[in-house]
Amino acid sequence: MQIQEAIKQGTGLVKLHGWVYRERKSKELAFIVLRDSTNIIQCVVKKSNVSEKEWADAEKILIESSVEIEGEIKEDKRAPTGYEISVTKLNVIHFSEVFPINKGQSVEFLADNRHLWLRSRKMTSMLKIRSTVFGAIHEYFRSKNFYEYQSPIFQSVQCEGGSTLFEVNYFGKPVFLAQTWQLYAEPAVFALEKVYCIAPSFRAEKSKTSRHLTEYWHAEMETSWEGFKELQDYGEGLVKHIVKKVLETNAEELKILERDENKLKPALEKPFPRITYTEALKVLKEKNNLQVEWGKDLRTIEEDEIMKNYDTPIIVTHYPKQVKAFYMKEDPSDSKVVFGYDMLAPEGYGEVIGASEREPDLEKIKERLKEQGEEPSNYEFYLDTRKYGSVQHGGFGMGVERIIAWVCGLESIKDAIPFPRTMLRYKP
Ligand code: 4AD
Ligand code: MG
């Protein structure tokens, strides 16, 4: 039986197993707060209620020991989760050594001991929400008739710019870890029409920010016979579905993380504003007193500033061509901008989705690859997508840890993944 089930039962005999979360002993009593994946509960071992051996074990017990207990559960308003168990049987499965983590340790120490820190209530709560988010992504795309489809992780070409590529020695030849599935997903829409995946992406980010990992989970989709408007609808629909599922499933975890649900509700209830890049510059100037020259990309500070005006994510469309990737479709009515958008999350969580309709014109793609110093012949497999029955298509990528960081209200993206990888952190 798990703790949550025992609490639900509320009275009578219960039998539980778990780990010692807290312990405190006196002459006649031992208080053990027991932890399992579902909750914590206070257990009281009374010397007079158990055998000599059980009492000796109770006296020896340290935090994180694994135990089995049996006893009577009853409501007790003073106990941490409102119930208490009066223990009649105690069986220690494993006596823990002194657990290295206690209160007030440094961020570095906790990162070095990440494998143990995962057991903390905050990390456990994040991990449960993370599980909900992954489930919600699958659910959303499958409900829209997308096929789950995978790209290779070893790739022969770049997609999002050479500066963040991880090069791997592949039997003496250079290959790259996937920055995105995109160039291998576009060919697949000619077979499956609508595809999605959740997979790791790799970026050699040399910046130490609260938003960048070198290995992150990327939820991507690619759809054909649909255009820029539909891509915005899918992005908004996906984020709304994730928020809905987390609010339905994880009220308890949000509470443990001290995340105010009311900060998330607007994203569920209101449509996400859709503004062009040019309009965004106007908002920045008029409301934030920040002047950005047309043609410059929005940096973190500008994204944070503009988001002070919104309580839902927003979709910023029609960025200047020169700040966006080679594959984004030129706006036929204004060749200076592209049919691409970034979705920005509120409260300073930054870009959560990058999207675009794909450029259909083979010559334009080749031209823009050359401008970036790329050799188009290396991209032949990709360029073939524009040669044999080319159709309107596009897609997006969502940084899953960015979404989790926002939903959970985390200070850093590093706490949105079990074992974060950054420029300075690749252990344990
Ligand atoms: O905007 P990006 O670079 O777009 C692409 O990779 C497209 N090929 C996606 C597509 O159209 N299929 O990355 C997409 C998202 C970003 O919006 C951000 O949320 C996340 O990936 N992301 C990162 N998350 C964590 N750490 C990093 N270093 C990230 N870089 C991008
Ligand atoms: Mg982007």
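The values are calculated or read from the model by the stated rules, or taken from the named source; none is laboratory data. This one's a predicted model, so the numbers in the text were calculated from it and none came from an experiment. All Cβ positions, glycine included, derive from the backbone under ideal geometry; neighbour counts span all protein chains shown.
Exactly one of these conditions fails for F326: (1) in a strand (DSSP E or B); (2) over 23 Å from L410 (Cβ atoms). Give me its number.
(1)
Please identify the pairs in which a residue from the range 327-352 that is on the phi > 0 side of the Ramachandran plot has its Cβ atom under 6 Å from the Cβ atom of a residue that is within 16 Å of ligand 2 (Cβ to nearest atom) and part of a strand (DSSP E or B), counting only partners at least 6 apart or on another chain.
none
Can you say whether E357 is within 29 Å of G295 (Cβ to Cβ), more than 14 Å from ligand 1 (Cβ to nearest atom) and among the charged types (D, E, K, R), as far as the supplied structure shows?
It is false that E357 is within 29 Å of G295 (Cβ to Cβ), more than 14 Å from ligand 1 (Cβ to nearest atom) and among the charged types (D, E, K, R).
Please work out which residue is nearest to D415 (Cα to Cα), limiting yourself to the range 235-270 and to residues that are in a helix (DSSP H, G or I) and in contact with a Gly (Cβ under 9 Å, 6 or more places away or on another chain).
Restricting to residues being in a helix (DSSP H, G or I) and in contact with a Gly (Cβ under 9 Å, 6 or more places away or on another chain), the top hit is L254.
Mind checking which residues of the range 349-388 are among the basic types (K, R) and in contact with a Leu (Cβ under 8 Å, 6 or more places away or on another chain)?
Once the filter is applied, which keeps residues that are among the basic types (K, R) and in contact with a Leu (Cβ under 8 Å, 6 or more places away or on another chain), the range 349-388 yields K366, R386, K387.
Within the range 332-342, work out how many residues are out of contact with any Asp or Glu (no Cβ under 7 Å at 6 or more places or on another chain) and either within 15 Å of ligand 2 (Cβ to nearest atom) or assigned to a loop (DSSP other than H, G, I, E, B) (or both).
Counting residues in the range 332-342 that are out of contact with any Asp or Glu (no Cβ under 7 Å at 6 or more places or on another chain) and either within 15 Å of ligand 2 (Cβ to nearest atom) or assigned to a loop (DSSP other than H, G, I, E, B) (or both) gives 4.
For the range 7-29, enumerate the residues that are touching a Lys or Arg at 6+ places or on another chain (Cβ under 6 Å), over 15 Å from T81 (Cα atoms) and in contact (Cβ under 8 Å) with a residue 40 or more places away in the chain.
G18, W19 - these are the residues of the range 7-29 that are touching a Lys or Arg at 6+ places or on another chain (Cβ under 6 Å), over 15 Å from T81 (Cα atoms) and in contact (Cβ under 8 Å) with a residue 40 or more places away in the chain.
Any chance the range 403-421 includes a residue that's over 21 Å from L264 (Cα atoms), surrounded by fewer than 18 Cβ atoms within 10 Å (Cβ to Cβ) and either free of Cβ contacts under 8 Å to residues at least 40 places away in the same chain or of a type in the set (A, V, I, L, M) (or both)?
no
Return yes when T312 is at pLDDT below 95 and either touching a Phe, Trp or Tyr at 6+ places or on another chain (Cβ under 6 Å) or not aliphatic (A, V, I, L, M) (or both) and no when it is not.
Here the answer is no, as T312 does not meet what is asked.
Return the residues of the range 343-383 that are more than 16 Å from ligand 2 (Cβ to nearest atom) and in contact with an Asp or Glu (Cβ under 6 Å, 6 or more places away or on another chain); say none if nothing qualifies.
Across the range 343-383, the qualifying residues are P346, G348, I365.
Looking at E160, is it closer than 24 Å to Q392 by Cα and within 14 Å of ligand 1 (Cβ to nearest atom)?
So E160 passes the test.
Kindly evaluate G235 against the criterion of being surrounded by fewer than 22 Cβ atoms within 10 Å (Cβ to Cβ) and among the small types (G, A, S).
It is false that G235 is surrounded by fewer than 22 Cβ atoms within 10 Å (Cβ to Cβ) and among the small types (G, A, S).
Among the strands (runs of 3 or more DSSP E) lying completely within the range 147-210, list those that include at least 2 residues that are away from ligand 2 (no atom under 16 Å from the Cβ), modelled with pLDDT of 95 or more and surrounded by 14 or more Cβ atoms within 10 Å (Cβ to Cβ).
Because the criterion is at least 2 residues that are away from ligand 2 (no atom under 16 Å from the Cβ), modelled with pLDDT of 95 or more and surrounded by 14 or more Cβ atoms within 10 Å (Cβ to Cβ), the strands (runs of 3 or more DSSP E) in the range 147-210 that meet it are 173-177, 194-202.
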